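Enquirer: Handing you a structure now.
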Amino acid sequence: GRSMRDNILIHGLEEEENEDLSKRVPMLIKEHLQLDDVGFIRIHRNGTRFQLSTRPRTTTGKLKNSSDKDRILNAIRQKRETSRQSDMPFFITPQTPLQVNETKKKLQEMNTKYREEKYEARGRIDIKFMFQAISVKGIK
């Protein structure tokens, strides 16, 4: 989990011949999110490129510090809230451990179940302690 703490995943970023991700990704973040001085330790594509696939591979970026990760995720959140259509040719998510993703999936399933039964449900995960909680409030 700790090794992923400062990582972001970049999805949908089209691949180019002989691309230099260490220059391209910071430039795109500056252009689309108006964030300067975002420092990366390394950036790489995940997996091998399949001949028949037209879908770009996900890119992992290891940031120099977690405050850059927070700045990027906050900028994306603000951009999503202010405009319906995104002009970004990619989207960014935090990289989280598999256990966290599985817990989130379970909470989403519980949330859906309760909503179908006309209850208001809210789920949350505290990643540091892997604590999961769901509060259910009847609205019938």
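The values are calculated or read from the model by the stated rules, or taken from the named source; none is laboratory data. Given the structure is predicted, the values throughout are model-derived calculations rather than measurements. Virtual Cβ from ideal backbone geometry, glycine too; neighbours counted across all protein chains shown. Ligands, DNA and RNA are stripped out before the accessible areas are found, and what is left, the full protein with its side chains, is counted by its heavy atoms. Shrake-Rupley method; radii C 1.70, N 1.55, O 1.52, S 1.80 Å.
Enquirer: Quick check on I72: is it within 16 Å of the chain's Cα centre (by Cα), in a helix (DSSP H, G or I) and touching a residue at least 24 places away in the same chain (Cβ under 8 Å)?
Expert: It is true that I72 is within 16 Å of the chain's Cα centre (by Cα), in a helix (DSSP H, G or I) and touching a residue at least 24 places away in the same chain (Cβ under 8 Å).
Here's the yes/no breakdown for (1) under 18 Å from the mean Cα position of the chain (by Cα); (2) in contact (Cβ under 8 Å) with a residue 24 or more places away in the chain; (3) open to solvent by less than 40 Å² (accessible area, probe 1.4 Å):
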{"position": "P26", "(1), (2), (3)": "yes, no, yes"}
{"position": "E31", "(1), (2), (3)": "no, no, no"}
{"position": "L35", "(1), (2), (3)": "yes, yes, yes"}
{"position": "T48", "(1), (2), (3)": "no, no, no"}
{"position": "K104", "(1), (2), (3)": "yes, no, no"}
{"position": "T112", "(1), (2), (3)": "no, no, no"}
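Enquirer: Only one of these is out of contact with any Leu (no Cβ under 9 Å at 6 or more places or on another chain) and assigned to a strand (DSSP E or B): L9, L35. Name it.
Expert: L9
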